[in-house]
Each structure stands twice: as structure tokens, then as C-alpha cells.
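Okay, so here's the structure we're looking at.
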Amino acid sequence: MKVTVKYFGLVAEAAEKSEEVLELKGALTASELKAQCLNGLAIADKDSVQIAVNQNLDDETTISDGDEVALLPPFAGG
């Protein structure tokens, strides 16, 4: 199955890309895909990175063919 992964902010900087299409074998949850994508990247607090699947924040969603996944850095505001 193919999914599009989009990287934002410090995640994009660490990955040195803003987007890629991955060919996945077998079923993965969003949190499993997040761990796979962040593996080896120089990000101090990987737990602070959120994952959105088809613009919905839910790390327990099962990834499906054609999904759009976004890895989002922590946001600050006020």
C-alpha cells in the first residue's frame, strides 16, 4: 500500500525533505508509522511530535492505502 507522508517544521528539517511516498507492507497504526518515520532522525523529543492521518489527530488509526499522513512538530502559541 502507498501512503504520502508530509513533514513539517523541525521534523522536515531533520528528515531533509517535506514529503515522500512510502510503500508499506502490512497493517500499521499511525503511532507505528510515526516511530518508523522518526527512527534515526535527530529530534530530541520524539514523543512531542504529533501524527495526523487524513487531517485527523489520532495515533491509533490503522493506516490505509492512499492515506495522507502528516508529522507535526510541537506548536507554541499564546
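The values are calculated or read from the model by the stated rules, or taken from the named source; none is laboratory data. Note that this is a predicted model, so its numbers are computed, not measured. Note: ideal-geometry Cβ built from the backbone for every residue, glycine included; neighbour counts use all protein chains shown.
Would a scan of the stretch 14-33 turn up a residue that is in a loop (DSSP other than H, G, I, E, B), surrounded by fewer than 17 Cβ atoms within 10 Å (Cβ to Cβ) and either in contact with a Pro (Cβ under 8 Å, 6 or more places away or on another chain) or of a type in the set (Phe, Trp, Tyr) (or both)? No, there is no match, as no residue in the stretch 14-33 is in a loop (DSSP other than H, G, I, E, B), surrounded by fewer than 17 Cβ atoms within 10 Å (Cβ to Cβ) and either in contact with a Pro (Cβ under 8 Å, 6 or more places away or on another chain) or of a type in the set (Phe, Trp, Tyr) (or both).
Checking each residue in the stretch 39-77 for being closer than 13 Å to Thr4 by Cα and in a loop (DSSP other than H, G, I, E, B) picks out Asn54, Gln55, Ile63, Ser64, Asp65, Gly66, Asp67.
Of the set (1) modelled with pLDDT under 95; (2) out of contact with any helix residue (DSSP H, G or I) (no Cβ under 7 Å at 6 or more places or on another chain), all apply to Ala70 but (1). Asp65 falls short on exactly one of the conditions (1) crowded, with 18+ Cβ neighbours inside 10 Å; (2) in contact (Cβ under 8 Å) with a residue 24 or more places away in the chain, and that condition is (1).
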